[in-house]
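As structure tokens, the structure follows; a few thoughts come after it.
The values are calculated or read from the model by the stated rules, or taken from the named source; none is laboratory data. Bear in mind the structure is a predicted one, so any value in this text is a computation, not a measurement. Neighbour counts run over all protein chains shown; Cβ positions are idealised from the backbone, glycine included.
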Amino acid sequence: MILGGATIAITAPNLIYSALALLVTLIHVAGIYILLSAEFVAAVQIIVYAGAILVLYLFVLMIFSEHQGTQALHTSFPVGVSLGFIVLAEMLMVYWGTGAASDGGPLGPPVWAKAGNTQAIGALLYTKYLFPFEIASIILLVAMVGAITLGKRSHKAKELAPANGSTNGFGAHPAQVTPVSVEHRREEAPRV
Amino acid sequence: MVPLSYFVTLSFLLFTIGVIGILIRRNILMVLMAIELILNAVNINLVAFSRFHQSLDGQIFVFFVMTIAAAEVVVGLAIVIVAFRRRATVNVAEFNLMKW
């Protein structure tokens with residue numbers, strides 16, 4: 001299902017179909033995480049990817065949907081496919097050819113089975129990985145500011161637009177708030 | 001219990017599909033989606049090794065990868081919108097502003 005969904009996602013000529021096939025893929029990947037007893041990661045996967053990122057994609061696709069080119073694939077797509085299979089062959093050779101693929105003995109229950117996955121991740125995240133966690137927050141902040149700045153229309157466009165009498169000089173016009181800033185609030189929601 | 005090599009092979013295949021998607025699609029939005037597929041393949045790998053090495057560090061890394069993916073998508077889509085306003089196209093082959 002994962003591979004089928006992913007294949008449809010990259011080959012479907014209609015972008016909306018691609019996005020929905022990507023959604024199928026992401027939800028099944030969350031199922032893989034549950035199979036690996038990583039429940040917290042599965043929940044985050046569904047909330048962030050299936051909830052936020054896919055919604056973001058669908059909004060942008062609705063802006064662009066009538067501007068799609070007639071040709072979905074690149075003209076030189078056999079080159080791309082063969083390059084992709086070369087990459088696959090290299091990875092398989094490295095993994096299976098070097099004896100790294102030994103599976104070890106049977107697994108016991110996960111070490112985090114006692115307290116629960118979420119609690120264990122939280123304890124580790126706020127002690128050992130506190131500094132990377134702060135850096136991740138700053139990266140999200142930078143992404144938010146950057147997206148809003150990029151999404152704002154330029155001054156020339158602002159002058160051409162009819163004034164509604166409510167511009168405050170330097171802020172974005174209320175009627176010109178772009179979809180990016182609106183969608184970014186959705187994007188931020190799972191992080192809270 | 002499913003052996004580790006199944007997860008790793010699945011991750012390889014998903015990664016390959018993502019690479020092919022980046023290379024063959026003309027639409028820049030599809031290129032971003034294929035990057036998401038690649039990041040997901042890496043995440044499957046990290047979680048699988050985290051489970052089989054009985055260590056939670058891999059799942060923390062998955063968390064950070066998801067953070068970076070979210071930031072990347074937001075900034076990427078903003079850039080796509082700006083580029084679309086300037087060039088009125090979403091075809092990667094026509095973004096040649098930096099050619100001299």
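With the condition kept exactly as written, say whether any residue in the stretch A:133-150 is modelled with pLDDT under 85 and under 21 Å from the mean Cα position of the chain (by Cα). Checked against the condition, which is being modelled with pLDDT under 85 and under 21 Å from the mean Cα position of the chain (by Cα), the stretch A:133-150 yields at least one hit.
Only one of the listed residues (B:Ala41, B:Ala34) is crowded, with 21+ Cβ neighbours inside 10 Å and more than 8 Å from every other protein chain (Cβ to nearest Cβ). That residue is B:Ala41.
Selection of the stretch B:21-59 for residues being in contact with a helix residue (DSSP H, G or I) (Cβ under 6 Å, 6 or more places away or on another chain), over 28 Å from A:Phe85 (Cβ atoms) and not small (Gly, Ala, Ser) yields B:Gln54, B:Leu56, B:Gln59.
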